[in-house]
Each structure stands twice: as structure tokens, then as C-alpha cells.
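Some notes on the structure that comes next.
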Amino acid sequence: MRLPRATILVVSIAIATPAGAQLAQPVEGVWHLTGHVVATGCAGRCVTRRETVDQEVVIANGQLSGAEGLVPGRGGWFKIRVVDRARLRDLLRGCIGYSSLRLGRFSGRLRVAVDGRSFDEIVRVAGSVSVLGRTATFSARGRVHGDWVRDAAAPFAPFTTAAVARALDAALAAE
């Protein structure tokens, strides 16, 4: 699934440890991700798709590391603040498959266990795409829990589907 990959990579683009805040760093290696993504695409009519996340990915050096986009929140959570919006937009374009993507709202929260061997992330994103003169809007929310499984040094495993892309495809085809 490409959207969970995007939510994980958002951390590498957006986060940093603010002065005085304590953020445990996730351990590099193979991670088992579980959770879900719900996406809605609208072009005349709205279509919603839900996908379950249950897979392993490899998080290598630097893909989840401290940078300056986390703001301390409540209950041990950090709010994800996007530092490089253009880079996030380009990442989402690649993950969703629409080069005309315009990024609207984005919000996210991250909580990493003290030992760095698990994390929870909640992300919401919205925007629009233009295809053949038609515009479709989308919104997606995802909740992912990651548990460290073992050491590894390979790059991310490929993802095969995207709830946002499927919802947009269905919405554009419905008109």
C-alpha cells in the first residue's frame, strides 16, 4: 500500500526534535505495520475506499530520524509539522500516481516508544487532482502502528495499492 509508505516517509520529511523535547528514535530494521487508511475521492460524486495495512517494511538509516518538524503535544504525542511542503507534495504525487496533485490540508501525530521499537502515527491529508480537464478532490486519514521485528539493511519493500488512488479513479470514472 503506497499511502502508508507515504505516512511513514512524512516523518523523515517533516520531523525534528525541538529543543527541550524528548523523542525516542525508531530502531532501524524490519517493521511490521498494522492499521488502516480511509480515503474519499469526489468528482461529481464521492467514493470512499478503506484499506487495511498489515505488512512489513524496512526502515533504513535516515528514513525515520529527528529533524525540526515535531511539536510536543498531549499524552506523549508529537504533532507533525511539515517543514518542506514541496517535498511532501512530490512524495504524495509519486505514491498516489497523479502528477497534478495539489496538496491542501495536512495534519499528523506521532508517538514513539521510549525504546524505539514501536510507534503510532495518525495522518490526515486532503487535496485535489486534475485529469483531462476534470478536477477531483480527496481526503484521507490513516492510523498506523509499527512494531520493530528484526535488523535489516534493505530499502522499503514495494507497495502495490493506494486507497487514495483507487478512490480518485473510481470518482473520476463515475461521472
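Check whether at least one residue in the stretch 125-133 is of a type in the set (S, T, Y), under 16 Å from A167 (Cα atoms), open to solvent by less than 60 Å² (accessible area, probe 1.4 Å) and modelled with pLDDT of 85 or more, and report yes or no.
Taking the stretch 125-133 and keeping what is of a type in the set (S, T, Y), we get 128, 130.
Narrowing the set further to residues that are under 16 Å from A167 (Cα atoms) leaves 128, 130.
Filter once more, so that each one left must be open to solvent by less than 60 Å² (accessible area, probe 1.4 Å): 128, 130.
Retained after the next criterion (residues that are modelled with pLDDT of 85 or more): 128, 130.
Yes; the residues of the stretch 125-133 include at least one that is of a type in the set (S, T, Y), under 16 Å from A167 (Cα atoms), open to solvent by less than 60 Å² (accessible area, probe 1.4 Å) and modelled with pLDDT of 85 or more.
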Every pair of residues 6+ apart whose Cβ atoms lie under 7 Å, when the first sits in the stretch 37-57 and is touching a residue at least 40 places away in the same chain (Cβ under 8 Å) while the second is among the basic types (K, R) and open to solvent by less than 10 Å² (accessible area, probe 1.4 Å)
none
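For every residue, the table says whether it meets (1) within 12 Å of the chain's Cα centre (by Cα); (2) among the acidic types (D, E); (3) part of a strand (DSSP E or B).
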site	(1), (2), (3)
R74	no, no, no
K79	no, no, yes
R87	no, no, no
L110	yes, no, yes
F119	no, no, yes
I122	yes, no, yes
V125	yes, no, yes
A136	no, no, yes
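Looking only at the stretch 98-122, how many residues end up being under 19 Å from R141 (Cβ atoms) and open to solvent by less than 60 Å² (accessible area, probe 1.4 Å)? Lay out the reasoning, then the answer.
From the stretch 98-122, those under 19 Å from R141 (Cβ atoms) are 98, 101-111, 119-122; that's our starting set.
Imposing the further condition that a residue be open to solvent by less than 60 Å² (accessible area, probe 1.4 Å) reduces the set to 98, 101, 103-104, 106-108, 110, 119-122.
Residues that pass the stated criteria total 12.
Yes/no per residue for (1) modelled with pLDDT of 50 or more; (2) assigned to a loop (DSSP other than H, G, I, E, B); (3) among the aliphatic types (A, V, I, L, M):
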position: T7; (1), (2), (3): yes, no, no
position: Q22; (1), (2), (3): yes, yes, no
position: G35; (1), (2), (3): yes, no, no
position: A39; (1), (2), (3): yes, no, yes
position: C42; (1), (2), (3): yes, no, no
For the stretch 46-86, how many residues meet the condition of being at pLDDT 85 or above, hydrophobic (A, V, I, L, M, F, W, C) and surrounded by 15 or more Cβ atoms within 10 Å (Cβ to Cβ)?
6
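The values are calculated or read from the model by the stated rules, or taken from the named source; none is laboratory data. Just so it is clear, the model here is predicted, and its values are computed rather than measured. All Cβ positions, even for glycine, are placed from backbone atoms using ideal geometry, and neighbour counts span all protein chains on display. Only protein heavy atoms, including side chains, enter the accessible area calculation; ligands, DNA and RNA are left aside. Shrake-Rupley method; radii C 1.70, N 1.55, O 1.52, S 1.80 Å.
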